[in-house]
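Reviewing the structure listed below.
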Amino acid sequence: MPNASRPSPPAAGGRPPQGATTALSVPYRFRGPADSANGGYMCGLVAGCLDGPVRVTLRRPPPLATPMTVEPAGEGSVHVLHGGALVAEAASVPDGPAPRIPGTVSMAEARAAEGRARYFQDPAYPACFVCGTDRRPGDGLRILPGPVTGGVLWAAPWTPDASTGDGSGSVRPEIAWAALDCPSGIAAAEADDIGPDTAILLGRMTAGPAALPTVGDECQVIGWPIGRDGRKLTAGSALLGSDGEVLAVAETVWITVPRPVTGEGAS
């Protein structure tokens, strides 16, 4: 399986040297829509250029299989450019994401909820790396959340396969970011009952995994809605380890858009 081109190693402290540039690209495997990167995966790649928890804002769909330039943009921040256009901007946020986790679920509850979201009856993004129903095991992550009884949480089990690893047994950080992406969006969209002619795109993600899962461990991902302001839906998500410990938490902002006519879209 192809791996993403990672940014060049940053200087000590986790940031690119002042005035220097690095590069990254996203292979086609890690798409959200057919022609752009999965938002969470892209955010995780960019976050790798900075220290600690990071907030990444996507300004336009990240291209696939195309070099993008990462440039320092001040202390603890970077810009990602493609052809001179701003694709994403990121900044370290020492306080990290602070969404309140409304609860947890058992692994049995996560398995029972898997694939039961209304979204999967007619998915807008069937080829998404994270939640795409057209992706085979070992290619996509196939994290397919559904509502847990009570309607507060959406949950799904996830066992990372060998292709998600870093060579030492841990899941790569950008994969953990990707896993936190779609469950939050599905929870936000279904809780707000958006119509069939509307889709959502990831606009901003704040995360900072405290620990990374181990390849082969059965984990679960939960998502929950937080609120809505016009076209913006805010949601939270968490990645839980095999014994229920919280490995990572994220806060996401989603933008409502017209559903793509082709039935394919982002994240």
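The values are calculated or read from the model by the stated rules, or taken from the named source; none is laboratory data. Nothing here was measured: the structure is a model prediction, and the numbers come from that model. All Cβ positions, even for glycine, are placed from backbone atoms using ideal geometry, and neighbour counts span all protein chains on display. The protein model used for the area step is the full one, side chains on, heavy atoms only, and it has no ligands, DNA or RNA in it. Shrake-Rupley method; radii C 1.70, N 1.55, O 1.52, S 1.80 Å.
Descriptive notes on the structure:
- For the stretch 42-170: relative contact order, % (alpha-carbon pairs under 8 angstrom, 6 or more apart): 18
- Per residue accessible area of the chain, 1.4 Å probe, in Å²: 41
- Nearest 10 degrees, 0 to 90: helix 181-192 Cα axis against the chain principal axis: 50
- Using C-alpha pairs below 8 Å separated by at least 6 residues, the relative contact order for the chain is 20 percent.
- Of the accessible area of the stretch 56-107, computed with a 1.4 Å probe over protein heavy atoms only, carbon and sulfur atoms account for 51 percent.
- Estimated D of the chain in µm² per second, where Rh is the Kirkwood radius over Cα pairs and Stokes-Einstein applies at 10 °C, 1.306 mPa s: 88
- Residues whose amide H lies under 5 Å from that of VAL130, counting only those 5 or more places away or on a different chain, are LEU141; hydrogens are built 1.01 Å from N in the peptide plane.
- With each label modelled as a point 7 angstrom along the Cα→C-beta vector, the ASP134-ASP95 pair spans 4.2 nm.
- Whether the stretch 59-159 is rounded, prolate or oblate, judged on the alpha carbon gyration tensor where a/c under 1.5 counts as rounded: oblate
- Over the stretch 109-203, relative contact order from alpha-carbon pairs under 8 Å, at least 6 apart, %: 26
- Computed magnitude of the charge dipole of the chain (debye, nearest 20; Cβ of K, R +1, Cβ of D, E -1): 440
- Prolate/oblate/rounded call for the stretch 179-254, Cα gyration tensor, a/c under 1.5 rounded: prolate
- Subtracting the Cα-Cα distance of ASP166 and ASP51 from their residue separation scaled by 0.36 nm leaves 39.5 nm.
- Accessible-area composition of the stretch 216-259, carbon plus sulfur, in percent [1.4 Å probe]: 48
- Shape category assigned to the stretch 67-114 from the gyration tensor of Cα positions, a/c cut at 1.5: oblate
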